[in-house]
Structure formats: C-alpha cells, structure tokens
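Right, one structure below, let's go through it.
The values are calculated or read from the model by the stated rules, or taken from the named source; none is laboratory data. Predicted, not measured: the structure shown is a model, and the values here were computed from it. Heads up, the Cβs are rebuilt from the backbone with ideal geometry, glycines too, and the neighbour counts pull from every protein chain shown.
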Amino acid sequence: MENQLLSDRNVDFLLYEVLGAERLCELAAFREHGRETFDLFLASARRMARQVLMPSYRRMDAQAPELRDGRVRVHPLMKEIYPQLLSLGLINATRPAAVGGQQMPLTVASLAAAYLMAGNGSAYGFLGLTSAAAHLMEAFGSDWLKTEFMTRLYAGEWTGTMALTEPHAGSSLADVTTRATPTEGGYYLIQGAKIFISGADHDLTENVVQMTLARIDGAPPGIKGISLFAIPNRRHEAGHLVPNDVHVAGAVHKLGSRGIPSLILSFGEEGDCRGWLVGERERGIAHMFQMMNEARIMVGMGGVATASVAYHEALAYARTRPQGRAAAARDPQKPQVAIVEHADVRRMLLRQKAIVEGGLSLLATTALQADLAAHAEDAPSRRRAALLLDLLTPVAKSFPAEWGFESNVLAMQVHGGYGYTSEYLPEAWLRDQKLNSIHEGTTGIQGLDLLGRKAVAEGGAALGILQEEIALAAKRAKAAGIDQAWCDGLGEAMTTLMELTQHLGAKGLAGDVEGMLLHSADYLALVSIVTVAWQWLLQAAVAREALNSGRAPTDFYQGKLGAAQYWLLTELPRAKLFAELCRSGEDSYARMKSDWF
C-alpha cells in the first residue's frame, strides 16, 4: 500500500474547516488567491512528494553525499530531483511579486512543504534553507546584494545556508570568533571556521551563499558585537565566477538526514575570503533571528512530517499484518486477525495520531499567525498575531521533535521485529527525527527562550492572548456539545500556567534568575501539552459541528473526537505534574556536581 505521507483529508480539514484559510484572501496581500489556487498548489506538492521524493528516500539515505578532492558530490538522484523541486516555485512562494514570488500565505505553503519533507526531508532542505537566506537578503540587503545574491537564490540558480555554529562555541553565539576586516573595496575579509553547516557545498548549482555571523575587527565582545555577512563560495570577477577562499575542511557523518551534507567550513585560509555586510553593523543576531525563526518553524514542520510518514506506514502495516487472535478467542483453528484489532496496537496508533495531527494543527496555526503578523489590515491585529507567534515558535519547533520522536518510536514498535530492521523504513525515519531536537536551537534552548523571554514579555501579554484563544475554543466546543469536562480541564490547565508564569516571573524580577529557569524544560513541556490540547479542543468542536449537521465522512470526524478525547483526558493531566515541578524548585540536578556523576 502506498504511503500517503500526510492525510489529504486532514490537511483540508485543518486548512478550511478549522483555520478558515480562505478568509486570508480578504487581506490585501492575498486577494489574488482563493481556494482554487491553494488546492492547485497543494496538489502539485502532493504529486511531487509521492511520485518523486518518496521513491528516492531509501537510496539517498543509504548513500550520503561524498566529499572528494575538497568538493561535495550529492547523490545522483538529487540532480534529477532538484530541477523538479524548483518547478514548484516553493523557494519564493510566499514572497511578493516584486521579487518574483506568488505571495502565497505561509499557512498554505508550509502545509505543501510538509508533504515534501515527509517524502524526503533532506531533498527539501536545499530549498528551505535557500528560501530563508534569500528572504534575509530581501529584508536587510542593499540593492547590490539583492541583485547579486537574492535574485539568484530565489531563482534557485544558487543555494543558500545559515552559517552560525563554530567548533569551540556550539550554540553559544556570543562566543563567535570568525573575524571580518573592512577593506576599501566595500567588502570584508573573513577568517574563521564554521561547523554543522547543512548544504554548504554541493554540485547541484554553481554557487552557494553562506549567511554568516562574524565579528568586525574592534567590535565589542558578546552578542552585541556580531554582524551578518553574505559569503559566496565563488565570487564574480570580470564577469566570471572565481573561488572565494571558502574551503570544505571536512564532512560530518550524521545519524539521519543523510541526503543533505553537513560540513565544516574554513574561511580565509589564503587571506582572500570576501564577505559583504548584510544590514547594519553589530545587528547580526537581530537580523539572523528572522532566518532562525523561519528555520525553527520549518524544523517543526519537518518533525511533524517525519512522524506522519512513519505513522501512516505503521497504520498500513497494522491493518494488513495478521498475528494472533482476540483475547477471548481460544480456538487456534480460527484465522489470525490483523494486529490493529489488538487493543495495545490501537493504543500506540492513537497516540501517534494525537501527536501527528495535533502537531500539524499547531504548526499550521503558527504559520497562520505569521501571515497575520505580516499582513493583517490593522496594527493592533498585526501586533496581537506577532505576540502569539513569538510565544508559539519555540513550542512549534520543539513539540514535534520531542513528542514526534516518541511517535516514531511507536511506529517502529507497531512493526515489531520488522521495525528494527533496515529493510523497513521506520528505523530510518527514527534516525531522521532525532536531529530535530538538536538543530536550530536544542530543546533546552527553546525552553530558556520560552520562559526567559517570550512568556514574560510585556507582562505576559502573549499568554493572555493564548488564554483568550482557548476561551474561544471552549465556547465553540460547548456550543457544539463537547463534554464540559474537556473544556474545564483545558481552562484549568491554562489558569495553572498563567499563575505559574507569574510566580516564576516574580522570582526572576527578585534576582533569582537561576531559580526561575531551573525547570524551563518542564515549563516548555507544560506549554506544549496545553497548546496542543487547545488545538485538539478546537478540532473536536469542528468535528462535532460536522457530525451534528450530518456532514460526511463520519468515520473521519469520529476519529477526530477519539484523538481529542485521548489527548484531553490522558495527556493534559500531565500538565499539573510539570507545573508542580516548576513551582517546587526541586533542585536535584542543580545540586549535582561534576564529580558526583
């Protein structure tokens, strides 16, 4: 049975029945669109994902790109795939017509990308990184930079990356030491090294542009002294591309996501690596956060996609794999039943469904807030959406990675002994998923960002907006006939979250920042559970409305109610435990010393 990657019916349900994406077309930015253009765009992505990307996945996973003579050679299939990916117009799909874009809502484009990532996430990675790099240039680059780099990136003639991490610093960007020395030629001479740079070299296009953090000579230490540069692997001289003193110092051999190379870069070994300042001096981190936040949403969608493809594989396997008999059936002469008939298998499948479809709803909602933050007609609406977007971004990045990994584990478990073998795909998707909790900011970093910045910003304004949205969902659910206990449970959890945030925020204001952030990972888990519960209550309300009106297919809507019940009655109660941990100040790992381990 062909793996559908994502459920088309569920994507349509989220897009049109839950989010009402057609209302976006009332905004000036999207008036050229309608459901017809949305559906055509999604249909193209679905075909590409199922007919081209998914069939290539196993071979690209088995044969990673090779580093030979200082250059990276991608899998031969990638050379066939890349032009077809370009034909979808995804690199600049959400950008305005002035830069060649389709001005497609991110809400729609991100769901289209989810199919591609489910089919072959590594292949899509070249496009996703290029799109974000070009957007960075569009937002902050000079006219010359836009002509030289942005137009080629949006056209897919060149690809782009983000080059942040350094071997000695890891995620600590304040410790970046790559140097930029000004010259009279308008460019800077760059010297330094970066590591774990995805797609930093390949033979798909003639050039790669590294969006790089570096410190201009004389700049102050720490975050405030960092600037952003565009550094091409090759530069134009006298109308020709020549090497730009960017060298691949080594390849990193990854557990998963093997189709896109992860590389160690060296800048300026020969003293002639030229980089061009993007935006303002010493504003590099602020500028780069645009690309980082886009990448975090992309990683989150990749996490959902990776869990989804494995879930659909497990579901198909469970429906067709005969093994054992019902607990009450004692006659060994009777035929075996499909394992989906066993309660524990249904438990594992239901948990996967709740994670995958709850996570996809969360990511689509986050994308919707991004659309509204950029394009809503009035400033208060844009501000409201921007606050909610800031709050949801660390959750949207980390929930699919952490719960999605669990979902992938369950998909392997459903396959039993077969799941653990490389002849079946669940083990490969499990490897791919693990990266999502690490890159673009580890889960620990997302927790610190959420509690230390986003949740307490402006006196907790974003949490207040979330509470309003949950109240609206509960009101709709009650009107539709959803069990009052489901609504009350979520309302109580949100109240607990608000009170906890005030308590922890007061600790921080009193000077006990370490005490405030001690359980930031548990705080992130709490917010994740609550926000996904919000999504499930909203989906339940829409499903109940559909059943009340006699809308088909009833099995689909009943499945939604079952998954909502599961999350609200079995997962949401865990929020109380996380809240108690955060409030208690339990300090076991804070007290541990290095020598005690």
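Quick notes on this one:
- Contacts under 8 angstrom Cβ, first residue in region 399-424 being under 21 Å from Gly302 (Cα atoms), partner assigned to a loop (DSSP other than H, G, I, E, B), 6 or more apart: Tyr424/His415
- Residue within region 164-177 that is more than 22 Å from His247 (Cβ to Cβ) and more than 28 Å from the chain's Cα centre (by Cα) present: no
- When the test is whether a residue is in a helix (DSSP H, G or I) and crowded, with 17+ Cβ neighbours inside 10 Å, Ala98 does not pass it.
- Region 501-520, residues that are closer than 17 Å to Ala575 by Cα and over 29 Å from the mean Cα position of the chain (by Cα): His503
- Residues located in region 141-157, provided they are surrounded by fewer than 23 Cβ atoms within 10 Å (Cβ to Cβ) and part of a helix (DSSP H, G or I): Asp143, Trp144, Leu145, Lys146, Thr147, Glu148, Thr151, Arg152, Ala155
- Filtered residue count, region 568-597, keeping only those that are in a helix (DSSP H, G or I) and over 20 Å from Gln352 (Cβ atoms): 17
- Residue match in region 524-542 (condition: surrounded by fewer than 17 Cβ atoms within 10 Å (Cβ to Cβ) and either touching a residue at least 40 places away in the same chain (Cβ under 8 Å) or more than 27 Å from Thr365 (Cβ to Cβ) (or both)): no
Every residue, every condition in (1) more than 23 Å from the chain's Cα centre (by Cα); (2) surrounded by fewer than 22 Cβ atoms within 10 Å (Cβ to Cβ), yes or no:
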{"site": "Pro243", "(1), (2)": "yes, yes"}
{"site": "His247", "(1), (2)": "yes, yes"}
{"site": "Leu263", "(1), (2)": "no, no"}
{"site": "Val278", "(1), (2)": "yes, no"}
{"site": "Ala286", "(1), (2)": "no, yes"}
{"site": "Gln290", "(1), (2)": "no, yes"}
{"site": "Val299", "(1), (2)": "no, no"}
{"site": "Thr306", "(1), (2)": "no, no"}
{"site": "Arg325", "(1), (2)": "yes, yes"}
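- Of the residues Leu490, Leu430, the single one that is crowded, with 18+ Cβ neighbours inside 10 Å, under 30 Å from Tyr557 (Cβ atoms) and not aromatic (Phe, Trp, Tyr) is Leu490.
- The set of residues in region 562-597 that are over 25 Å from Leu497 (Cβ atoms) and in contact with a helix residue (DSSP H, G or I) (Cβ under 9 Å, 6 or more places away or on another chain) contains only Gly562.
- Some residue of region 63-86 being touching a residue at least 12 places away in the same chain (Cβ under 8 Å), closer than 20 Å to His375 by Cβ and either of a type in the set (Ser, Thr, Tyr) or surrounded by fewer than 12 Cβ atoms within 10 Å (Cβ to Cβ) (or both): no
- Residue count for region 543-575 under the criterion of being over 19 Å from Leu15 (Cα atoms) and either surrounded by 13 or more Cβ atoms within 10 Å (Cβ to Cβ) or in contact with a Gly (Cβ under 8 Å, 6 or more places away or on another chain) (or both): the result is 13.
- Of the listed requirements (1) surrounded by 20 or more Cβ atoms within 10 Å (Cβ to Cβ); (2) under 30 Å from Gln433 (Cα atoms), Phe229 misses just one: (2).
- Residue check for Glu166: at pLDDT below 95, in contact with a helix residue (DSSP H, G or I) (Cβ under 9 Å, 6 or more places away or on another chain) and among the acidic types (Asp, Glu): yes
- Test: Arg46 is in contact (Cβ under 8 Å) with a residue 12 or more places away in the chain, of a type in the set (D, E, K, R) and not in a helix (DSSP H, G or I): no
- Matching residues, region 308-323, being within 30 Å of Leu392 (Cβ to Cβ) and either without any contact (Cβ under 8 Å) to a residue 24 or more places away in the chain or under 14 Å from the mean Cα position of the chain (by Cα) (or both): Ser308
- Within the option set Ala310, Ala316, Ala305, Ala286, being within 20 Å of Val176 (Cα to Cα) and not aromatic (Phe, Trp, Tyr) holds for one residue only, Ala286.
- In summary, helices (runs of 4 or more DSSP H) completely within region 472-567 and bearing 2 or more residues that are under 22 Å from Gly404 (Cα atoms) occur at 520-548, 554-566.
- Only strands (runs of 3 or more DSSP E) whose full extent lies in region 239-341 are considered here, and the ones with at least 3 residues that are among the aliphatic types (A, V, I, L, M) are 246-252, 262-267.
- Checking Ala471, Ala457 one by one, the residue that is of a type in the set (A, V, I, L, M, F, W, C), over 19 Å from Leu362 (Cβ atoms) and out of contact with any strand residue (DSSP E or B) (no Cβ under 8 Å at 6 or more places or on another chain) is Ala457 and no other.
- From Ala510, Ala506, residue being over 26 Å from Ala471 (Cα atoms), among the small types (Gly, Ala, Ser) and surrounded by fewer than 16 Cβ atoms within 10 Å (Cβ to Cβ): Ala510
- Restricting the first member to region 140-166 and to residues that are farther than 14 Å from Gly101 by Cα, and the second to residues that are among the β-branched types (Val, Ile, Thr) and surrounded by fewer than 22 Cβ atoms within 10 Å (Cβ to Cβ), the beta-carbon pairs closer than 6 Å and six or more apart or on different chains are Trp158/Thr205; Thr159/Thr205; Thr165/Ile195.
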